[in-house]
1. Which length gain, in nm to one decimal place, applies between ARG11 and ASN87 when the Cα-Cα distance is subtracted from 0.36 nm times their residue separation?
2. Starting from the Cα of HIS71, step 7 Å along the direction of its Cβ; do the same at ILE111; then give the gap between the two resulting points in nm.
3. Hey, what angle do you get for helix 86-98 against the long axis of the chain, alpha-carbon based, 0 to 90 degrees rounded to 10?
4. May I ask for the equivalent-ellipsoid semi-axes of segment 11-80, computed as the square root of five times each C-alpha gyration tensor eigenvalue and listed largest first in whole Å?
5. Under a no-solvent Debye model with one identical scatterer per Cα of segment 72-118, what's log10 I(q)/I(0) at q = 0.22, 0.24, 0.30, 0.31 Å⁻¹?
6. Would you mind computing, in nm to one decimal, how far apart the modelled labels at ARG97 and LYS64 are, each placed 7 Å from Cα along Cα→Cβ?
7. Of the listed pairs LYS7/LYS98; LYS26/LYS64; LYS41/LYS64; LYS64/LYS116; LYS7/LYS46; LYS26/LYS46, which have alpha-carbon separations greater than 26 Å here?
8. Just from the alpha-carbon atoms, what are the Rg and Dmax of segment 56-99 in angstroms?
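Here, each number is a calculation from the coordinates, and none is a lab measurement. The shown structure was predicted, so the numbers you read here are calculated from the model rather than taken from an experiment. Positions of Cβ are backbone-derived with ideal geometry, glycine not excepted, and every protein chain shown enters the neighbour counts.
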Amino acid sequence: MLTDLGKELRRIRINNDEILKNMAAKLEITPAYLSAIENGKREPTKKFMDTLFKVYNVPCEEQKNLIQAFHSTIENVSINLSNQSQNRKDLGLVFARKFDGLSDDQIKKLIKILNKED
């Protein structure tokens, strides 16, 4: 099944008059891997997204749409805590333990806090 990100990737390909093989070559990945990302069989990485933005010179506004599609596509998130302070490690672990028990109201509050710009 085509994911939200897969739809966006196809749109980029069509706008650039490319086939999957050409896009994969530009992104330095295999066509099979690109197809698997589009169809939700493989999760895209941040590196993949960064390369996509760079290779296709994606404008900021379009990057936001692609990032939203990326987030709707991924099912697992990992955080490397190995080089983090103890406070950051504690925060990550507490969040992971409590994640499933958060209410919608708590989630909205956390999103508001984390998206607040100084």
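1. 23.2 nm
2. Using points 7 Å along Cα→Cβ, the separation is 0.7 nm.
3. For 86-98 against the chain, the angle is about 80 degrees.
4. Here the semi-axes work out to 19, 15, 11 Å.
5. Each listed q corresponds, in turn, to -1.04, -1.14, -1.13, -1.12.
6. 3.7 nm
7. LYS7/LYS98
8. 14.9, 39
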